[in-house]
Amino acid sequence: MSRKQIAAANWKMNLTVQQGEELLDNIINKPHHLNDNQLVIFAIPAPYLTMAQHKIAEKKGVYVAAQNCFSKKSGAYTGEISVEMLTSLGIQFVVLGHSERREYFNESNAFLAEKINICLENNIQPIFCCGEPLSIREADTQNEYVAKQLKESLYHLSAEQLAKVIIAYEPIWAIGTGKTASSAQAQEMHAFIRKDIAHVYGTEVADSISILYGGSVKAANAVEIFSQPDVDGGLVGGASLIADEFVAIINALQ
Ligand code: PEP
């Protein structure tokens, strides 16, 4: 089977539980046409994980993700969320390395490698975010920058482990700015990432990995971006908070 096509919502630190419930209802009860190879994943605030798990319980192809977890198994880490807590709720996905966490919480590639490890040891699939800031894009060194992120956080994994990772390429200059990478820019980087993985792990592994694009995806540009051969869907912030927009993005999956 070909790699999964995924529409992932990132609510970030938005919405009350009541607003979250209403939004989920408005999305999952609208018609969409998910085939067996397509997934919808809602990365939502931690306090709402149980609510969302109940809501999507009967929905085929729909999953809930945490937006973060800690690198340690358990213990005196006040305020952190362990993978064991997530698995005890039935959560199967976690977003790691979002640029906002890298920037505001100083998450390094090495620290993210530790988080990746504990997730995979506990059967949680990471959605690993990578992507360059504007200064790097302007200097045209984005490939080297992203390759370093992949190498330092992922390339210690076995091929079997890496195959469980979902990658989200999110150029930082396109996140929440309304400025989307062109579909050609997205395709170019996604193809580069796949080639880089193939170089280390071989083409079979590289071809099996879903690489999502993130950065101001909306209903109006999703079809064009998702139609690129190496783009396997999107990680969506702002537009995932609007039911009609996100339903259209789900329906844009190829
Ligand atoms: C994100 O937060 O991952 C993101 C891509 O945000 P937005 O869609 O708002 O740019």
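The values are calculated or read from the model by the stated rules, or taken from the named source; none is laboratory data. Computed from a predicted model, the values in this text were never measured in an experiment. Counting neighbours? That spans all protein chains shown, and the Cβs are built from the backbone with ideal geometry, glycine included. Surface accessibility is based on the protein's heavy atoms, side chains included, excluding ligands, DNA and RNA. Shrake-Rupley method; radii C 1.70, N 1.55, O 1.52, S 1.80 Å.
A few points about this structure:
- Checklist (1) part of a helix (DSSP H, G or I); (2) in contact with a strand residue (DSSP E or B) (Cβ under 6 Å, 6 or more places away or on another chain) applied to Val94, failing item: (1)
- Within the range 193-205, the residues that satisfy the criterion of being open to solvent by 60 Å² or more (accessible area, probe 1.4 Å) and without any contact (Cβ under 8 Å) to a residue 40 or more places away in the chain are Lys195, His199, Thr203, Glu204.
- The range 223-242, residues that are among the small types (Gly, Ala, Ser) and touching a residue at least 60 places away in the same chain (Cβ under 8 Å): Gly233, Gly234, Gly237, Gly238, Ser240
- Of all residues in the range 68-93, those that are free of Cβ contacts under 8 Å to residues at least 40 places away in the same chain, open to solvent by 20 Å² or more (accessible area, probe 1.4 Å) and closer than 19 Å to Ile166 by Cα total 4.
- Positions within the range 232-254 being among the aliphatic types (A, V, I, L, M), within 14 Å of the ligand (Cβ to nearest atom) and surrounded by 24 or more Cβ atoms within 10 Å (Cβ to Cβ), in sequence order: Leu235, Val236, Ile249
- Per the conditions (1) under 16 Å from Asp230 (Cβ atoms); (2) touching a His at 6+ places or on another chain (Cβ under 8 Å), the sole criterion not satisfied by Cys129 is (1).
- Cross-chain or 6+ apart pairs with Cβ under 9 Å, the range 44-67 first and under 18 Å from Ala7 (Cα atoms), then among the acidic types (Asp, Glu) and at pLDDT 95 or above: Ala52/Glu21; Lys55/Glu21; Lys55/Asp25
- Residue in the range 94-105 that is away from the ligand (no atom under 16 Å from the Cβ) and open to solvent by 70 Å² or more (accessible area, probe 1.4 Å) present: no
- If you go through the range 206-231 and keep only what is open to solvent by less than 30 Å² (accessible area, probe 1.4 Å) and more than 11 Å from the ligand (Cβ to nearest atom), you end up with Ala206, Ile209, Ser210, Ile211, Ile225, Phe226, Asp230, Val231.
- Subset of the range 1-49 that is among the small types (Gly, Ala, Ser) and surrounded by 15 or more Cβ atoms within 10 Å (Cβ to Cβ) - its residue that is nearest to the chain's Cα centre (by Cα): Ala8
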